Amino acid sequence: MKKSAIILLAFGVWVCLGSEAFSQTTLSGDHIIDGDLDVGTSGNISNLRVTGNTGLGVATAVRRLDVLGNSAATSYGLRIINPFAAPTSSNRVLQEFVMKNTSGADVVYGAIGAYSAGVTPGSEIGYISFHARDGGVLSTGVGVNITGKGQVFAGGAGSSGISDLTYKFVSLNGGLYVGGDGVTNAAAANVRQYGNNGNSPVFELFKHRGTTFHSYAPVINGDTVFTLVGTGVDTDSKKGELASMVIQVDAPPGVSSLPGRLIFKTTSPNSNVATERMRITSAGNVGIGKTNPTVKLDVNGDAKFSGKVTMIRQGDILMGEFGNPE
């Protein structure tokens, strides 16, 4: 081996410092690399084994691979290059990170990859995938996946696993998706507050009309700021709504003023789209079958009371009771 080049095997890829060629090299003990290291550049290696700790830019290597970058803005601590050249509509795992137990079984698995769905080079969808053993057999279909579209997929995907990218990473709408089969993998979210105090967990959904994340702009009358919808699949294999709850702006906002309304919807037979049934306005008026209630309870349709109804009005109107008192 020539002294002008140092070779290292990192994360399952060959890396080369310099432009030397090697047929077989075995390095024992600790090895220090002080300088630039490019992954995927020139260098032909057929076999390399490193049995000790390897350090890149560190004085003492205390791990199998110990990397220290510098403070320069253009500096990489570690750069691994694996060109994406997969066929159209194909998934390719570019790098894998695996931790195994003494029996050789995977305990933690991670992957960095890209998915091409008929797009031009440079427009592929990248992803990072993490999976861990939970007592049983580790499955690549259960874990957390983060895509280049800002999507996060958490939970089970049955036996389809990582290969099911056309559904998870391309067709997914929204930023967070939690999946499970309801038996071995629960599709659930738990927000837990602890501490000896009266504070509760908070689930906040925030809406503004700014063009960027932090450039706030006021909402306007009629804007929807929150939708909670329950959906299912009908006998025609079509997805549809069953019921929903919607929060909207109820009047033009002002200084320290954000009027809101709460709307409840359900879906009628022979339909898969929910229809408004009740709303509570910013004035506290409740409308049932009415979209513009003008009194505290405004009902469009028949009403039935099994108990006593008490009517009290100040002024010239007579007070009265109706029904059968219990």
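The values are calculated or read from the model by the stated rules, or taken from the named source; none is laboratory data. Note that this is a predicted model, so its numbers are computed, not measured. All Cβ positions, even for glycine, are placed from backbone atoms using ideal geometry, and neighbour counts span all protein chains on display.
Of everything in the stretch 197-232, what is hydrophobic (A, V, I, L, M, F, W, C) and either touching a helix residue (DSSP H, G or I) at 6+ places or on another chain (Cβ under 8 Å) or in a loop (DSSP other than H, G, I, E, B) (or both)? Give them in sequence order.
The answer is VAL202, PHE203, LEU205, PHE206, PHE213, ALA217, VAL219, ILE220.
I need the full set of residues from the stretch 137-170 which are modelled with pLDDT under 60 and small (Gly, Ala, Ser), in order please.
Answer for the stretch 137-170, where residues must be modelled with pLDDT under 60 and small (Gly, Ala, Ser): SER139, GLY141, GLY156, ALA157, GLY158, SER159, SER160, GLY161, SER163.
Let's see how each residue does on (1) in the same structural domain as ASN292 (by TED's automatic domain parsing); (2) without any contact (Cβ under 8 Å) to a residue 40 or more places away in the chain; (3) more than 19 Å from LEU176 (Cα to Cα):
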position: PHE206; (1), (2), (3): no, yes, no
position: THR231; (1), (2), (3): yes, yes, no
position: THR235; (1), (2), (3): yes, yes, yes
position: LYS239; (1), (2), (3): yes, yes, no
position: SER257; (1), (2), (3): yes, yes, yes
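In contact with a strand residue (DSSP E or B) (Cβ under 7 Å, 6 or more places away or on another chain), assigned to a strand (DSSP E or B) and at pLDDT below 75, is that true of ARG79?
no
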